[in-house]
Amino acid sequence: MFDHLSVGVRDLSAARTFYDAFFAPLGCANAWAAEAELAYGPAGESRVFWLYPVSGSQVAGQGTHIAFTAGSRAAVDAAYAAALANGATSVRAAGAHPDIAPDYYGAVLLDPDGNKLEIVAGTMH
């Protein structure tokens with residue numbers, strides 16, 4: 001459905017530290033780095049998730065969130081812990097949330113720039 005996603009960050013170097021740690025448990029890695037952009041993808045091969053430096057008081061899009069697939073509950077837990085250790089704010093703790101779906105296991109957090117990220121193992125249906 002889409003080719004790639006891009007989000008803004010205030011500090012590209014700090015964002016790289018955050019996203020390197022966040023994506024590692026999900027099997028994704030940095031696939032491209034330049035002075036004014038970073039890209040991540042599965043196994044560091046494809047450039048699916050891009051980061052660009054932006055300025056201003058509001059970096060994140062209001063109401064927007066991006067959900068990432070995790071291969072296991074342990075990967076959700078590891079990505080969630082890595083995100084918190086690198087400056088994220090928890091919105092919904094990692095765990096089972098049967099109120100969302102019977103086999104849903106996931107977490108929602110805000111990255112240091114306020115971008116809303118979800119990590120999901122299990123289906124939303």
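Just so it is clear, none of the values below were taken in a lab; they were calculated from the coordinates. This one's a predicted model, so the numbers in the text were calculated from it and none came from an experiment. All Cβ positions, glycine included, derive from the backbone under ideal geometry; neighbour counts span all protein chains shown.
Structural remarks
- A simple rule links phi to the HN-Hα coupling: the Karplus curve 6.51 cos²θ - 1.76 cosθ + 1.60 with θ = phi - 60°, which for region 60-73 gives 7, x, 5, x, 8, 8, 10, 9, 10, 7, 10, x, 7, 5 Hz, with x for Gly and Pro.
- Order of PHE18, PHE68 under a 10 Å beta carbon neighbour criterion, fewest first: PHE68, PHE18
- Net +/- balance of residues flanking ALA83 in space, Cβ distance below 12 Å, scoring K and R +1, D and E -1: -3
- For the chain, the equivalent ellipsoid built from the Cα gyration tensor has semi-axes of 23, 16, 13 Å, listed from largest to smallest.
- For region 27-100, a Kirkwood radius taken over Cα pairs fed into Stokes-Einstein (10 °C, viscosity 1.306 mPa s) yields D = 109 µm²/s.
- Helix 12-23 axis, angle to the chain major axis (alpha carbon atoms, nearest 10°): 30 degrees
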